[in-house]
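Colleague: Dumping the structure here so I can ask a few things about it.
The values are calculated or read from the model by the stated rules, or taken from the named source; none is laboratory data. Bear in mind that the values here come from a model prediction, so they are computed numbers and not experimental data. Glycine gets a Cβ as well: all are built from the backbone with ideal geometry, and neighbour counts include every protein chain shown. We work out accessible area using only protein heavy atoms, side chains counted, and drop any ligands, DNA or RNA first. Shrake-Rupley method; radii C 1.70, N 1.55, O 1.52, S 1.80 Å.
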Amino acid sequence: MTTEILLAGFGGQGVLFAGKILAYCGLMDNRELSWLPSYGPEMRGGTANCSVCISDKPIGSPLVLAPDILVAMNQPSYDKFISTVKPGGTAFIDSTLIDSECSRNDISCFYIPSSQLAEENNLKGGSNIILLGKLIKETGIFSPETVKKAVEKVVPSSKAHLIANNFRAFELGLDS
């Protein structure tokens with residue numbers, strides 16, 4: 001089985017970081033995987049998205065044009081990608097920054113006020129990991145233990161002090 005995931009938002013929201021965590025989860029579970037970042041030249045504040053493919057068989061292309069799972073972290077990303085989600089797919093939407101209500105009835109949508117939750121819990125920059133927690137809870141694509149191990153691998157040693165905050169954000173997502 002192949003699962004194609006698209007994470008999208010502004011640069012600086014941690015879209016690529018969350019995608020890298022998912023890729024490491026696949027690596028730890030001995031799955032085939034691809035991780036393909038895409039961002040505009042503006043970096044922080046510009047557009048950013050990340051395609052992640054997780055599969056039991058070799059992956060033909062790293063491009064995700066019709067995702068099974070969409071994580072939308074801002075309105076422009078939602079507007080651009082919600083129509084591309086495969087029928088039967090799932091969208092995880094930061095309802096703090098996205099006002100739209102999905103009119104599609106062929107996909108499941110989860111509205112999580114992840115930016116607000118991150119701010120209320122003093123987890124600056126944790127919105128991406130809150131959404132990742134909700135994604136793991138609803139899809140079961142990886143175990144929470146695998147995700148925590150991946151976070152420990154992906155967070156650079158110079159920022160190891162942030163691992164606990166990432167775990168807190170992940171737990172908030174699991175509980176939402």
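Colleague: Among the residues of segment 10-22, write down those that are at pLDDT below 95 and of a type outside the set (A, V, I, L, M, F, W, C).
Modeller: Across segment 10-22, the qualifying residues are GLY11, GLY12, GLN13, GLY14.
Colleague: Further question on the same structure: For segment 82-100, how many residues are on the phi < 0 side of the Ramachandran plot and either among the acidic types (Asp, Glu) or open to solvent by 50 Å² or more (accessible area, probe 1.4 Å) (or both)?
Modeller: 7
Colleague: Does SER103 satisfy the condition of being of a type in the set (Gly, Ala, Ser), surrounded by 14 or more Cβ atoms within 10 Å (Cβ to Cβ) and modelled with pLDDT under 95? It would help to see each step written out before you state the result.
Modeller: Numbers: of a type in the set (Gly, Ala, Ser): yes; surrounded by 14 or more Cβ atoms within 10 Å (Cβ to Cβ): no; modelled with pLDDT under 95: yes.
It is false that SER103 is of a type in the set (Gly, Ala, Ser), surrounded by 14 or more Cβ atoms within 10 Å (Cβ to Cβ) and modelled with pLDDT under 95.
Colleague: Further, regarding this structure: Is there any pair with a first residue in segment 8-31 that is touching a residue at least 60 places away in the same chain (Cβ under 8 Å) and a second that is surrounded by fewer than 20 Cβ atoms within 10 Å (Cβ to Cβ) and among the β-branched types (Val, Ile, Thr) whose Cβ atoms are under 7 Å apart and which are 6 or more apart or on different chains, and what are they?
Modeller: Listed pairs, sorted by first residue: PHE10/THR47; PHE17/VAL154; LYS20/VAL154; ILE21/VAL154; TYR24/VAL154; CYS25/THR146; MET28/THR146; ASP29/THR146.
Colleague: Hey, can you tell me all the residues within segment 103-142 that are closer than 27 Å to GLU32 by Cβ and more than 15 Å from the chain's Cα centre (by Cα)?
Modeller: Once the filter is applied, which keeps residues that are closer than 27 Å to GLU32 by Cβ and more than 15 Å from the chain's Cα centre (by Cα), segment 103-142 yields ILE107, SER108.
Colleague: For segment 151-163, how many residues are open to solvent by 60 Å² or more (accessible area, probe 1.4 Å) and not in a loop (DSSP other than H, G, I, E, B)?
Modeller: Qualifying residue count for the region: 7.
Colleague: With the requirement that a residue be open to solvent by 40 Å² or more (accessible area, probe 1.4 Å) and assigned to a helix (DSSP H, G or I), what does segment 164-176 give you?
Modeller: Result: ALA164, ASN165, PHE167, ARG168, GLU171, LEU172, ASP175.
Colleague: Considering segment 135-150 alone, what residues qualify as being surrounded by fewer than 22 Cβ atoms within 10 Å (Cβ to Cβ) and either in contact with a Lys or Arg (Cβ under 8 Å, 6 or more places away or on another chain) or not hydroxyl-bearing (Ser, Thr, Tyr) (or both)?
Modeller: If the condition is that a residue be surrounded by fewer than 22 Cβ atoms within 10 Å (Cβ to Cβ) and either in contact with a Lys or Arg (Cβ under 8 Å, 6 or more places away or on another chain) or not hydroxyl-bearing (Ser, Thr, Tyr) (or both), then ILE136, LYS137, GLU138, GLY140, ILE141, PRO144, GLU145, LYS148, LYS149 are the ones that fit.
Colleague: In segment 99-134, how many residues are of a type in the set (A, V, I, L, M, F, W, C), in contact with a strand residue (DSSP E or B) (Cβ under 6 Å, 6 or more places away or on another chain) and outside any loop (DSSP other than H, G, I, E, B)?
Modeller: Summing the residues that are of a type in the set (A, V, I, L, M, F, W, C), in contact with a strand residue (DSSP E or B) (Cβ under 6 Å, 6 or more places away or on another chain) and outside any loop (DSSP other than H, G, I, E, B) in segment 99-134 gives 3.
Colleague: Moving to a separate point now. Could you list, in sequence order, all residues of segment 68-81 that are assigned to a loop (DSSP other than H, G, I, E, B) and either open to solvent by 10 Å² or more (accessible area, probe 1.4 Å) or farther than 10 Å from ASN49 by Cβ (or both)? Walk me through how you get there before you give the answer.
Modeller: Here is the first cut: in segment 68-81, the ones assigned to a loop (DSSP other than H, G, I, E, B) are 68, 73-74.
The answer is ASP68, ASN74.
Colleague: Can you find, within segment 49-65, the residue that is most open to solvent (accessible area, probe 1.4 Å) among those that are over 17 Å from ILE82 (Cβ atoms) and small (Gly, Ala, Ser)? Lay out the reasoning, then the answer.
Modeller: Here is the first cut: in segment 49-65, the residues over 17 Å from ILE82 (Cβ atoms) are 52-63.
Imposing the further condition that a residue be small (Gly, Ala, Ser) reduces the set to 55, 60-61.
Working: SER55: 0, GLY60: 84, SER61: 53 Å².
For segment 49-65, the residue satisfying everything is GLY60.
Colleague: Same structure, new question: Would you check which residues across segment 135-150 are out of contact with any Phe, Trp or Tyr (no Cβ under 8 Å at 6 or more places or on another chain), assigned to a helix (DSSP H, G or I) and without any contact (Cβ under 8 Å) to a residue 40 or more places away in the chain and list them?
Modeller: Correct list: LYS137, GLU145.
Colleague: Here's another thing I want to ask about it. Find the residue count for segment 18-43, including only residues that are within 16 Å of ALA72 (Cβ to Cβ) and within 12 Å of the chain's Cα centre (by Cα). Quick ask: steps written out before the conclusion?
Modeller: Filtering segment 18-43 down to residues within 16 Å of ALA72 (Cβ to Cβ) leaves 18-19, 22, 38-39.
When the remaining residues are screened for being within 12 Å of the chain's Cα centre (by Cα), the result is 18-19, 22.
The qualifying residues number 3.
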